[in-house]
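The values are calculated or read from the model by the stated rules, or taken from the named source; none is laboratory data. Remember, it's a predicted structure, so these values are computed and weren't measured experimentally. Ideal geometry is used to build each Cβ from the backbone, glycine not excepted, and the neighbour counts take in all protein chains shown. Just so you know, the surface numbers come from the protein's heavy atoms only, side chains and all, with ligands and any DNA or RNA stripped out. Shrake-Rupley method; radii C 1.70, N 1.55, O 1.52, S 1.80 Å.
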Amino acid sequence: MDEDKLAEIKNRINIVDLISSYVALIKGGKNYKGLCPFHNEKTPSFIVSPELQIFKCFGCQEGGDAFSFIQKIEGMDFPSSVKYLADKAGVKIEFTGRPEQKERKDVIFELNHLASEYYHYILTKHKLGVKALEYFKKKRFLTDATIKAFKLGYSPNSWRSLCGFLISKGYRIDDIAAAGLAQMSEGAKNYYDRFRGRVIFPFINNSGNVIGFSGRTLSDGEEPKYINTPETEAFHKGNVLFGLEKAKVAVRREKLAIVVEGHMDVISAHQGGFDNVVGTGGTSLTLEQLKLLKRLAGDVAFCFDTDLAGLFASGRAIELGESLNINVKVVVIPKPYKDLDECIRDNPKKLREAINDSKSVYDFYFLSAFERFSPNDPLDKKRIAETLAPVISSIRNPVLKEHYVKRLAGDLGVSEESVYSMLTSLGGGSSVTVTTLSKPLQGVSLQEYALSLLLKSPLDIASSSLYKLGQRDFTNTSLERIFVELKDHIIGRKKKFEIKYFCAKIAKVDEELSKEIQALYLKDIKESIFEDAERLKNELNLVLRRIKLETAKDELKILGGKIKEAEAKNDTAEVKRLTEEFKEISERLI
Ligand SMILES: [Zn+2]
């Protein structure tokens, strides 16, 4: 690959913008941070540096540049990530690879793309699609614009119309089958279209590739009502959400993802101006799906009608939400509407209200339990407690848990102790784990913190603080080396300090050390410090003093040992000399 081209692509792509389309980033000082998309975490340890154009997660150690980010998040190899970013950046690149070496996944994307064009054409332009189009427009009230935006389609009710089309374009039947578009038996001799006589909903990933389809029958009573693309190299049903590529911007903006069941619900929600709606595609929610949403928003609201919501809330969502630390909410479709579609068409304002009014899954559960049973009847009281105890015991956050214990005790007019004893008898008592809050400096040593501060400080402040430290204040070799290099670079410097030049300079002699410097620069320290020069100076003073103290203490410890040795040997002169030294250092401590 041409190095200049790579540099050109990198120059044109701003890594902050790039990553922002996947992760909600917040600016803190020089860097941006957010929840790592590569591992589960509750507090952000994923840092992006616009100056260095790199990212780094201090939780799972993933890190790198724009290319590595795309490879990792889109599951691409290096050449594909280059192609992807080159397209984004508008940089033309030539690939030397021959087309027959194309990855099968790319072939699948091509086939899916062609198939979706074909289905869409049949639906919107061909006489075979008239009935299906009528279904979308008259029965589902979709506009032409919506049909186009979601690339809806129709697969003719014949055995080989799509296969014939794709083969005529030069594709091989085994690739068509690998894409899940054809079914085959007895080798390649007998094959036929998977989707026949169905309206088609394409699934599109974040890169805009069609990864699979869902087809719904138009004949009442025909089973199955829906069929989907089987698992292929491009399509993993548990990992996709219908409409996510259209909803992601709104989800990030609203900090809320609304999850509905059916594809049609997603489409009519978007048509009605509810952009942050995605669909599970009729399957029960998976952890992977929820992870996709967590990357974009902290809150996920499930929108179901009352009956379904009750069923749903009974388990999975609470469990998954708790395990990912997502605020799970429930939006109940307002009465008298029986489904989302109806409500949006008739009175979208009411749905908006219901969304604003969405309750946490726990509140929702309380509400429905108290609706079903009467808290005044002793037996019902027991039933309410039995219904809610498992819910409460699944809560991991101790503050939240206590809140609901108090509430249940209050609502039932019983003591908190009896609620707790119910939780204990469920075995939930043991799960009351007090999670330690992460301190701002957790996992960052004093020495690392000092260097990190110095690397980010303005030149004058850094150079007036640096001389206070010495090499012996560093107990870790690479930190010591970084300190020495930084001191060399900064002391007496006239031009402004720029981290990227410093890193580049070090990288020429020691790539590893340069990486460590980058990591220090990305450490997530209280960035607000840098907004106020006085505060920064103070903080540096404090930290440097603490380091000095640590060093002095270590030295005293060693000296103490030496004094004892000298005493044992009755070497009075040595004892005297060491004691003097001891005194001197002790005075530094005051
Ligand atoms: Zn991570």
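Details
- Sites listed here are chymotrypsin sites (Phe, Trp or Tyr not before Pro) in region 149-194 whose DSSP assignment is loop and whose Cβ has at most 16 other Cβ atoms within 10 Å: W159.
- Between L287 and L400, the modelled labels are 1.7 nm apart [label points 7 Å from Cα along Cα→Cβ].
- Alpha-carbon Debye profile of region 373-431, log10 I(q)/I(0) at 0.25, 0.29 Å⁻¹: -1.00, -1.28
- The residues of region 373-431 present an accessible area of 54 Å² per residue when probed at 1.4 Å with all protein chains retained.
- Electrostatic dipole magnitude of the chain [Cβ: Lys, Arg +1; Asp, Glu -1; Cα centre; debye, to 20]: 1080 debye
- Restricting the calculation to alpha carbons of region 188-251 gives Rg and Dmax of 13.7, 47 angstrom.
- Surface per residue (accessible, 1.4 Å probe) for region 100-234, Å²: 50 Å²
- Region 515-573 versus region 321-394: alpha-carbon centroid distance in Å: 55 Å
- Among the GluC sites (Glu not before Pro) in region 228-270, those placed in a DSSP loop whose Cβ has at most 15 other Cβ atoms within 10 Å are E231.
- Percent of Cα-Cα distances greater than 39 Å, calculated over the chain: 49 percent
- For region 206-285, the share of accessible area belonging to carbon and sulfur comes to 47 percent (1.4 Å probe, ligands and nucleic acids excluded).
- The chain, relative contact order [Cα under 8 Å, separation at least 6], %: 8 percent
- Percent accessible area from carbon and sulfur atoms, region 446-584, protein chains only, probe 1.4 Å: 50 percent
- Full extension of the chain segment joining K138 with R104 gains 8.3 nm, where the gain is 0.36 nm per residue of separation less the Cα-Cα distance.
- The charge dipole of region 171-238, taken about its Cα centre with unit charges on the Cβ atoms of Lys, Arg (+1), Asp and Glu (-1) only, comes to about 140 debye.
- Of the DSSP H helices in the chain, those whose Cα atoms cover at least 30 Å axially and whose Kyte score averages -1.0 or more: 104-125, 533-568
- Normalising the Debye intensity of region 545-584 to I(0), with uniform scatterers on Cα atoms only, and taking log10 at q = 0.22, 0.27 Å⁻¹ returns -0.64, -0.82.
- Positive end of the dipole of the chain (Cβ unit charges, origin at the Cα centre): among F302, Y420, L578, the Cα lying farthest that way belongs to F302.
- Here r is the Cβ-Cβ distance between I167 and D77 and R0 is 35 Å; the resulting FRET efficiency, rounded to 0.05, is 0.80.
- Diffusion constant of region 434-563 at 4 °C, which comes from Stokes-Einstein with the Kirkwood Cα-pair radius and 1.567 mPa s, µm²/s: 83 µm²/s
- For region 484-590, applying the loop criterion from DSSP together with a ceiling of 12 other beta carbons within 10 Å to the GluC sites (Glu not before Pro) yields E498.
- Between the residues N397, L549, I13, the greatest Cα displacement towards the positive end of the dipole of the chain, with unit charges on the Cβ of Lys, Arg, Asp and Glu, is found for I13.
- Remark on the chain: C60, C163, C303, C343, C503 stand apart, with no other cysteine beta carbon under 4.7 Å.
- Prolate is the label for region 3-96. Its Cα gyration tensor axes, ordered a ≥ b ≥ c, give a/c of at least 1.5 and a/b above b/c.
- Rg to Rh, two decimals, where region 239-367 supplies the alpha carbon set and Rh follows Kirkwood: 0.92
- Computed Kirkwood radius, in angstrom, where 1/r is averaged over Cα pairs of region 99-188: 14.2 Å
- When the pairs K92/K456; K33/K237; K5/K523; K42/K456 are compared against a 28 Å limit on Cα-Cα distance, K92/K456; K33/K237; K5/K523 fall above it.
- About the Cα centre, charge dipole magnitude for region 1-137 (Lys/Arg +1, Asp/Glu -1 at Cβ), debye: 560 debye
- The length gained by stretching the chain between K92 and E574 to full extension, at 0.36 nm per residue less their Cα-Cα distance, is 166.0 nm.
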